[in-house]
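The values are calculated or read from the model by the stated rules, or taken from the named source; none is laboratory data. Please read these numbers as outputs of a predicted model, since none were measured by experiment. Every residue, glycine among them, receives a Cβ derived from its backbone with ideal geometry; neighbour counts consider all protein chains shown. Accessible surface areas use protein heavy atoms only, side chains included; no ligands, DNA or RNA. Shrake-Rupley method; radii C 1.70, N 1.55, O 1.52, S 1.80 Å.
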Amino acid sequence: MIAKLKGLIDSLGDDWAVVDCNGVGYLVTCSAKTLARLEAGTACALFVETQVREDAISLFGFLETGERDWFRLLTTVQGVGAKVALAILSVASPEQLLQIIAAQDKTGLTRANGVGPKLAVRILTELKDKAGKIALGGFHAAAGAVASAAPLPAASGRLEDAVSALVNLGYKRLEAFQAVGEAARELGDEAESSALIRAALKRLGKGLLA
């Protein structure tokens, strides 16, 4: 089982790279974000997820363990194969995915090729309690320094009311979630929905989101 490849980038394609390791070329499928950081003729080290089928052995490469772990997690969802998982990772970084799951932001997932509304809801539902188990190198989501994709804390009802109010005003759910989370961190868990909404609107209006 191949877990990591270190060598030179021999060539690049729309969704693949060939890594030359001591004269042996390995074809590795990657997300668009990973491919954008690779350059032919340069050295690289890729973390690899190997999938073995009766008719093929496929290698999927990632520059960071966080992206590889999200790939593994996404492919546990029914209807999400390797191609769809890479499509999602092509439009959202691990940090952004953490926020999308925490905010239950369906539109954040439907930007990826092959992800419709029904599949997006299934991904959000199945991963909301699992995403927090992924190590993200010390990343803290802006929405209240979220370190997991668990539901919002004790004041979740007031927070959700504030998020819904901002969405109704035309803001995207993800930015509303982030603004309300920062407002809650500033005002405390006991803050009422109205206070959270006012504070969040100020942050959105002044472009103060982290």
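Measuring between alpha carbons in the structure, the pairs from Lys83/Lys128; Lys106/Lys130; Lys106/Lys172; Lys33/Lys118 lying more than 19 angstrom apart are Lys83/Lys128; Lys33/Lys118.
Computed with a 1.4 Å probe on the full set of protein chains, the accessible area for Leu174 sits at about 40 Å². Overall shape: prolate for the chain, with the ratio a/c of the largest to smallest alpha carbon gyration tensor axis at 1.5 or above and a/b above b/c. Lys128 sits with roughly 80 Å² accessible to a 1.4 Å probe, with DNA, RNA and ligands left out of the calculation. Per residue, the average separation of C-alpha pairs within less than 8 Å and at least 6 apart gives the chain a relative contact order of 13 percent. Put the Cα centre of the stretch 1-39 next to the Cα centre of the stretch 49-79 and the gap is 14 Å. The packing ranking of peptides 63-76, 33-46, 181-194, highest mean first, is 63-76, 181-194, 33-46, where packing means the average number of other beta carbon atoms within 10 angstrom of each residue. Determine the shape class of the stretch 61-105: with a ≥ b ≥ c the square roots of the Cα gyration tensor eigenvalues, call it rounded for a/c under 1.5, and otherwise prolate if a/b is greater than b/c, oblate otherwise. The shape class here is oblate. Solvent-accessible surface (1.4 Å probe) assigned to Lys4 amounts to roughly 120 Å².
Could you rank Lys6, Lys130 by how accessible they are, 1.4 Å probe, largest area first? If you can, show how the numbers build up before the last one.
Numbers: Lys6 160, Lys130 85 Å².
Result of the area sort, largest leading: Lys6, Lys130.
Full extension of the chain between Leu12 and Val24 yields a length gain of 2.8 nm, computed as 0.36 nm times the residue separation minus the alpha carbon distance. Compared with the dominant principal axis of the Cα atoms in the chain, helix 82-91 is inclined by about 50°.
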